[in-house]
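Working notes, structure below.
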Amino acid sequence: MNIILLGPPGAGKGTQSDYIAKNLNLYKVSSGYLLRQEVKNNTPLSKKIKPLLDKGLLVSDSIIDSVVEKILFDNTINNRLKFDGYPRNINQAKKLDSLTKNLGIKISCVLSLEVNKETIVKRILGRQICSKCDLIFNEYFNPPNKKNHTCGDKFLQKRSDDNADTASDRFEIYLNKTFPMIDFYKKQNIHHQINGMVKIDEIFKEIGDIIASLEGWLYNLYLYK
Ligand SMILES: [Zn+2]
């Protein structure tokens with residue numbers, strides 16, 4: 001069982017991703033994590049990666065392809081991968097497709113969380129982070145109160161880049177990059193659209209039903225639990 005989860009920034013992808021990985025015992029593959037591991041392990045590739053990460057610059061598709069390729073060659077995990085924030089564009093998706101086909105690895109499904117722009121912008125604008133305990137709240141969707149947060153409101157802060165313009169920009173960039181990928185996966189009949197506007201546990205139920213309908217999932221659960 002290898003799963004790709006797509007969704008715009010602010011769609012609640014992180015929460016679903018953690019939940020799926022934990023419940024299905026999948027190995028989370030995010031390109032950010034893989035890049036940081038390269039640097040941590042001081043690999044030959046890290047000489048190219050570290051200066052880019054230090055400056056906050058984008059890492060090229062070819063470097064991302066190389067770090068993902070390593071994971072695909074690891075046959076202790078390459079049948080239980082949960083891709084997170086990857087692939088990011090059609091080139092990465094096509095590369096992943098050819099790598100997996102060459103290695104005989106199957107992508108079981110591509111799940112895309114669909115959320116409209118108003119909701120995304122509201123979610124990003126409402127986000128509050130406590131500088132004392134690091135808990136994240138949302139003034140519209142999950143407001144802090146005396147029960148769930150005891151530090152007091154004075155520690156709640158907004159991220160400086162969480163404003164309406166950047167939220168809207170990030171959403172448009174996501175759509176432009178993602179539509180070609182969704183088309184690509186639709187043609188392979190592995191794409192599933194998920195309503196990301198309902199409650200978190202309802203979203204997970206929908207995802208769970210799709211996964212349950214896929215061939216071989218019980219076997220994988222049995223094997224890795
Ligand atoms: Zn706090």
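For the reader, a short list of remarks on this structure follows.
- Flag for Ile194 being buried (at least 16 other Cβ atoms within 10 Å of the Cβ), aliphatic (A, V, I, L, M) and under 26 Å from Gln92 (Cα atoms): yes
- Cross-chain or 6+ apart pairs with Cβ under 8 Å, the stretch 59-80 first and among the acidic types (Asp, Glu), then open to solvent by 50 Å² or more (accessible area, probe 1.4 Å): Asp61/Asn91; Asp61/Lys95; Asp65/Lys95
- Just one residue in the set Thr76, Thr15, Thr100, Thr43 is under 21 Å from Ile207 (Cα atoms) and polar (S, T, N, Q); that residue is Thr15.
- Those residues of the stretch 118-168 which are of a type in the set (Lys, Arg) and at pLDDT 90 or above, in sequence order: Lys132, Lys146, Lys147, Lys154
- Subset of the stretch 104-156 (residues that are near the ligand (Cβ under 9 Å from one of its atoms), among the acidic types (Asp, Glu) and either in contact with a helix residue (DSSP H, G or I) (Cβ under 6 Å, 6 or more places away or on another chain) or under 20 Å from Ile182 (Cα atoms) (or both)): none
- Where strands (runs of 3 or more DSSP E) fall wholly inside the stretch 1-113, the ranges with 1 or more residues that are more than 29 Å from Ser168 (Cα to Cα) are 27-30, 81-84.
- Residue among Lys28, Lys101, Lys40 that is of a type in the set (Lys, Arg), within 14 Å of Ile4 (Cβ to Cβ) and open to solvent by 20 Å² or more (accessible area, probe 1.4 Å): Lys28
- In the stretch 157-191, the residues that are open to solvent by 70 Å² or more (accessible area, probe 1.4 Å) and either of a type in the set (Gly, Ala, Ser) or within 16 Å of the ligand (Cβ to nearest atom) (or both): Gln157, Lys158, Arg159, Ser160
- Residue check, Leu52 surrounded by fewer than 16 Cβ atoms within 10 Å (Cβ to Cβ), of a type in the set (A, V, I, L, M, F, W, C) and free of Cβ contacts under 8 Å to residues at least 40 places away in the same chain: yes
The values are calculated or read from the model by the stated rules, or taken from the named source; none is laboratory data. In this text the structure is predicted, and so the values were computed from the model without any measurement. A quick note on method: Cβ atoms are made from the backbone with ideal geometry, for glycine too, and the neighbour counts reach across all protein chains shown. Accessible surface areas use protein heavy atoms only, side chains included; no ligands, DNA or RNA. Shrake-Rupley method; radii C 1.70, N 1.55, O 1.52, S 1.80 Å.
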